[in-house]
Structures are given as structure tokens and as C-alpha cells.
Amino acid sequence: MITLSPKVIMEVEMQDKIIKLFYDDVYAQFTINELATKTNISYSYVYRQIEELKDKKIIVVDQRSNRKYCRPNYENPEVKTSFVKISNQIAEDFLKKRDKVFFVAEKLLSVLPKKTDFNLLSVVLFGSLAKGTDFKKSDIDLFILIPSKKKYDEIIDMECVALSKGFGVEINPLVSEPTNLLTMLKDKEHNVAKEILKNKVILFGAEKFWELILEVIK
């Protein structure tokens, strides 16, 4: 087992903290001053970290006038690794505070993989619950990524209807294939895929989800 030094651990944590700022807005660009403000860390430390991340090709720095604008290098697999780790932590923290969603997700994810012949790719919570604007009787909106909508749509819908009755909450599955997701993300008009990208809790399949997202924005 490899033991990381405290310095390396701090650098990894700082990398994740910076990358997390782009989690809900993958197209964002921030100056070093903005990054320092948003992370509540000194400008000098953030500057040094950005220089290191730039050298590792994890962050791209664009010079415009007298300002440097930073964004993740989506070609670098380490960025996806950070997004996946951040996604899993966000989901874990969210479910700890939301008992009903936790039990619904737990039950759904115990049956859906088998019901879909183990072809389930991703399950993403979106809508008011993901935004934090929900109320007691808010629906649970789920974006479900699957290779064949035609083959599995009805099966998924039936499972969600059964769970809705069992838990006394409306569960709305939006079933999509990867090609549909990519098409929506490339569309210039605002659509549900772009809304999901802004406000999401990835309950299952974070790696596949980010693989598809980064395919579009690289």
C-alpha cells in the first residue's frame, strides 16, 4: 500500500477543491483571484497551485489583457477522475441528509441493474431536489441512462411506479440513451440535459456520466 506524504495529500485536496468549482458549470473560467475568493484560500497559495496544475496539464491558463483565466483541461483524464470523486462525495453527503431519497435510491439500484440486464449506465437526480428548492411533497426526478430506451423504458417505468406507491412519493424517470444525451448537450437551445448538467446528484455511474459529458466539451 502506497502512503502519500502530507504535502501530496494537500496538493490532491487543493486540486479537487479547484476542479469542484467547475462541477456545476463546466464551461466556466475563473481568474486566480476569483479562485482564491471562492476557495477561501490565499491568493499566493492558489497561484502556486495553479502554476503546478498548469505544468501537469490539469489546468489551462488563458492570458487575456493583464488577466489569467483558468479552466480544467478536459483532455486530461485526471480531471475526469476528480469529477467522479467529487460526484461520489456529493451524492454521499446528499443522501445522508435525505432519508426518503436514500431509501428510494437504495431500492431502485438494488433492482434496476438486473432488470436492465446489467446495462444500467447512470442514474442522476435532477430537478428541485438537486437544486435544493424542493418541499415536502416534491417529486423525485431521475435521469436514467441506458443503451436502449426502447428495450428498457417500460421496465424502468414500472419499477418507478411500484416504488412511488411503496414510498408515497412521485418518482419521474427520464430514460435516455447516450446518443440522445450527447445530442441535447450539443444543441444550442436550453434543454433538460443542460439543466441536469447545472444541477445534479449522480446516484450511480458517475464515471460513465462524465465520460459522455467530457466527450462533448473537450
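The values are calculated or read from the model by the stated rules, or taken from the named source; none is laboratory data. A quick note: this is a predicted structure, and the numbers were derived from the prediction, not measured. So basically every Cβ, Gly included, is an ideal-geometry build from the backbone, and we count neighbours across all protein chains shown.
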> Does residue 21 satisfy the condition of being aliphatic (A, V, I, L, M) and over 18 Å from the mean Cα position of the chain (by Cα)?
Replying inline: no
> Is at least one residue of segment 32-52 touching a residue at least 40 places away in the same chain (Cβ under 8 Å), within 20 Å of residue 217 (Cβ to Cβ) and hydrophobic (A, V, I, L, M, F, W, C)?
Replying inline: no
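So that you can scan it fast, the table gives a plain yes or no per residue for (1) free of Cβ contacts under 8 Å to residues at least 12 places away in the same chain; (2) over 16 Å from residue 204 (Cβ atoms); (3) in contact with a helix residue (DSSP H, G or I) (Cβ under 9 Å, 6 or more places away or on another chain):
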| position | (1), (2), (3) |
| --- | --- |
| 108 | no, no, yes |
| 114 | yes, no, no |
| 118 | yes, no, no |
| 121 | no, no, yes |
| 132 | yes, yes, no |
| 143 | no, no, yes |
| 148 | no, yes, no |
| 152 | no, no, yes |
| 170 | no, yes, yes |
> Of the residues 133, 116, which single one is modelled with pLDDT under 95 and among the β-branched types (Val, Ile, Thr)?
Replying inline: 133
